[in-house]
Amino acid sequence: MIGALALPVQPVAQRLRLHVERSWDGLDELDVVLFRLDGFSFAISKHDGNPLGVSYVWLTQPHEQADKALDTLLETVGIGEDAVAFRGDAHDFRAEQIATSQETSSPAEASGATSPTSLWARFRRAIGMTSATP
């Protein structure tokens, strides 16, 4: 996963003139669209059980430039950065470290923190979680 969009799959698919497939992955029913764009192979999915309006963006083939891939998608579809709920993998250890360092009480404890709206904080906000849960 390279990130999540704070919108459903359908508007993205419509802009790209693609058909949304309805499927089941053993966990839940989901909407998914697969496509290739400027050398990147994408999948955008939303499980019925996912938080309302959050769709996950995946690269179906490994690529070293995940940020560039997401930027390419945003530019091509014509949506802004404000539609990005988070960048990166929600299970990425680095994302958890950033969130943990930003939740500390003093700036001295928060070495390596980047901004008050880290990707982990934005993810939690996008799915309706206002605080971290262990």
**Q.** Boolean, Leu18 is surrounded by fewer than 17 Cβ atoms within 10 Å (Cβ to Cβ), part of a loop (DSSP other than H, G, I, E, B) and at pLDDT below 95
**A.** no
Q. What number goes with the only condition from (1) more than 12 Å from the chain's Cα centre (by Cα); (2) over 21 Å from Arg22 (Cβ atoms); (3) in contact (Cβ under 8 Å) with a residue 24 or more places away in the chain that Leu59 does not pass?
A. (1)
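Just checking, how many residues over the range 65-86 are farther than 10 Å from Met1 by Cβ and assigned to a strand (DSSP E or B)? I'd like the intermediate steps shown before the answer.
Taking the range 65-86 first, the residues farther than 10 Å from Met1 by Cβ are 65, 67-85.
Narrowing the set further to residues that are assigned to a strand (DSSP E or B) leaves 84-85.
The number of residues fulfilling the criteria is 2.
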Q) Are any of the residues in the range 87-104 at pLDDT 90 or above, buried (at least 18 other Cβ atoms within 10 Å of the Cβ), out of contact with any Pro (no Cβ under 8 Å at 6 or more places or on another chain) and closer than 19 Å to Gln14 by Cα? A) no
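State yes or no: is Pro62 surrounded by 14 or more Cβ atoms within 10 Å (Cβ to Cβ) and either among the basic types (Lys, Arg) or in a loop (DSSP other than H, G, I, E, B) (or both)? Can you show your working first?
Details: surrounded by 14 or more Cβ atoms within 10 Å (Cβ to Cβ): no; either among the basic types (Lys, Arg) or in a loop (DSSP other than H, G, I, E, B) (or both): yes.
Here the answer is no, as Pro62 does not meet what is asked.
The values are calculated or read from the model by the stated rules, or taken from the named source; none is laboratory data. Nothing here was measured: the structure is a model prediction, and the numbers come from that model. Ideal geometry is used to build each Cβ from the backbone, glycine not excepted, and the neighbour counts take in all protein chains shown.
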